[in-house]
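Right, one structure below, let's go through it.
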Amino acid sequence: MTDSGSGAEEFDVIVIGGGPAGENAASYAIAGSDRTAALIEHELVGGECSYWACMPSKALLRPGEVLGAARNMPGVSAGPLDVDAVLARRDSFTSNHDDSSQVMWADSQGIDVIRGSARITGDRTVTVGDSRQLRARHAVVVATGTTAAVPDTPGLRASLPWISRDATNLREIPRRVAVIGGGVVACESATWLLDLGVEELTMVVRGRALLPKNEPFAGERVARSLEKKGARILFGADLRGVERADARDTGIGRIHGGPVTLDVAGQDPLVVDEVVVATGRTPATSALGLDARLLNSHGFLTTDDHLTTADEWLYAVGDANGRALLTHMGKYQARVCGDVIAARAEGRPLEGARFRATADHGQVPQVVFADPEVSAVGITEKEARDAGVDVETVEVDIAVAGSSLARDDFSGHAKLVIDRATDTLVGATFAGTDVGELIHAATIALVGKVPLDTLWHAVPSYPTVSEVWLRLLEARS
């Protein structure tokens, strides 16, 4: 419908950004009603997660996990990975960058997909491209996500390094690679690059540990595993400069020219065939025309727990608000946001927990799909103590019947952080094979504030790795 007064196309809800958070916000905002929604996307509907992050990265990691299990299972024959087959399977999960199925889903939900770049040009008004104007009756939702951050190290940008999109969509396997960073993307990228045949891989880490936001044992175990695979890890590294004489834009996932030389303080010059920059993310909000008062110092939109900004018609979900840069948390926020928009549109009070996003306040679950996997929820012991929470901790190695059956080289560790005052979990961390499947139980216990005495009666099945819960409770008593 077009507003005859302004000439703008009218929708009840306009969502800028067609990734998982944007899709969910639009769907929930109009579900079961005759409301209309427009989803604006300048690249592929499905967003970063579907094509350049979660899906391709996990598709690249899984073959190495299976191969590792096979090599540690007597009676199973395991050869090297078929790289072409691994990449082909990866491409099947990204639909070869064809978003037609995502568009079909949007259409089935009654959501209009609009292609183009958008900016907010007035109250509830969005302009797409040069002149197409849209106006929202109820809400505009920003779900534009983040982009890879590249440090201002001299020569680094000019060398055209790989970012996460190149690493997940690689078409060529470099022989020598430098990975800059020590966080989740750095550790996962290093894992699959080594699995796929990189001969020399060096991690250039500014800090003193991998995965510094996790419990220390997690990063230590991942570091040992990567070193066992052949990685060299430079901790406390000061990258002073990067040189590449013939940098060329050869396309995503292809080697971008000739050799790269990295100048790391105190080290001999490091010469590699490609550099992967994995040093964090920056919000994709700068081109939206947003009032500076809506943004924090890092460029993220500030929201309340209804996901509403200072302008009550403007919402932000997912990475764009900086609350928890994880796909599942963006989708969670989007569900809350959609419900809030629907309730306000219908004049219903915002009563009940489902209208407030609170899980990203110390209850965030995450899995790092490295080798070993690291899964965690809540806060670490250090974070708890820094916040003044009186906590006790329990730690055990994961050594139960289920783990020994899983693979002969199983090695894992688990830690609980317990609030003494309430006898409930405020944090849990696991490191080991497939421990991503353990974290939801911890998430339920933490979010549900289940007393540890009650957890004694949540009996883990035998023989599964989840028996580690019994070992943890026994160690505490």
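The values are calculated or read from the model by the stated rules, or taken from the named source; none is laboratory data. In this text, all values refer to a predicted model and were calculated from it rather than measured experimentally. Cβ sites come from the backbone with ideal geometry, for glycine too, and all protein chains shown count toward neighbours. For accessibility, only protein heavy atoms count, side chains too; no ligands or nucleic acids. Shrake-Rupley method; radii C 1.70, N 1.55, O 1.52, S 1.80 Å.
Identify all residues within region 84-106 that are in contact (Cβ under 8 Å) with a residue 40 or more places away in the chain and open to solvent by 80 Å² or more (accessible area, probe 1.4 Å); write none if there are none.
Within region 84-106, Trp105 is the sole residue that qualifies.
Only one residue in Asp423, Asp419 is free of Cβ contacts under 8 Å to residues at least 40 places away in the same chain and closer than 19 Å to Glu474 by Cβ. Which one?
Values: Asp419 fails: closer than 19 Å to Glu474 by Cβ.
One residue alone meets the criteria, Asp423.
Condition check ((1) within 24 Å of Pro56 (Cα to Cα); (2) under 23 Å from the mean Cα position of the chain (by Cα); (3) not assigned by the TED database to the domain that holds Gly155) across all residues:
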position	(1), (2), (3)
Asp195	yes, yes, no
Glu200	yes, no, no
Ala218	yes, yes, no
Gly236	no, no, no
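Cβ-Cβ below 7 Å, separation at least six or inter-chain, first residue in region 181-197 and without any contact (Cβ under 8 Å) to a residue 24 or more places away in the chain, second hydrophobic (A, V, I, L, M, F, W, C): which pairs?
Once the first residue is without any contact (Cβ under 8 Å) to a residue 24 or more places away in the chain and sits in region 181-197, no partner that is hydrophobic (A, V, I, L, M, F, W, C) comes close enough.
State yes or no: is Ala414 out of contact with any Gly (no Cβ under 7 Å at 6 or more places or on another chain) and farther than 22 Å from Leu210 by Cα?
Numbers: out of contact with any Gly (no Cβ under 7 Å at 6 or more places or on another chain): yes; farther than 22 Å from Leu210 by Cα: no.
Taking the combined requirement at face value, the residue does not satisfy it.
For the structure I just gave you, tell me whether Ala247 is of a type in the set (A, V, I, L, M), closer than 29 Å to Gly299 by Cβ and over 26 Å from the mean Cα position of the chain (by Cα).
Details: of a type in the set (A, V, I, L, M): yes; closer than 29 Å to Gly299 by Cβ: yes; over 26 Å from the mean Cα position of the chain (by Cα): yes.
The answer is yes for Ala247.
Got a sec? Which strands (runs of 3 or more DSSP E) wholly within region 244-339 have at least 2 residues that are open to solvent by 30 Å² or more (accessible area, probe 1.4 Å) and touching a Leu at 6+ places or on another chain (Cβ under 8 Å)? I'd like the intermediate steps shown before the answer.
Numbers: elements: 260-264, 270-272, 274-277, 281-283, 314-316.
Because the criterion is at least 2 residues that are open to solvent by 30 Å² or more (accessible area, probe 1.4 Å) and touching a Leu at 6+ places or on another chain (Cβ under 8 Å), the strands (runs of 3 or more DSSP E) in region 244-339 that meet it are 260-264.
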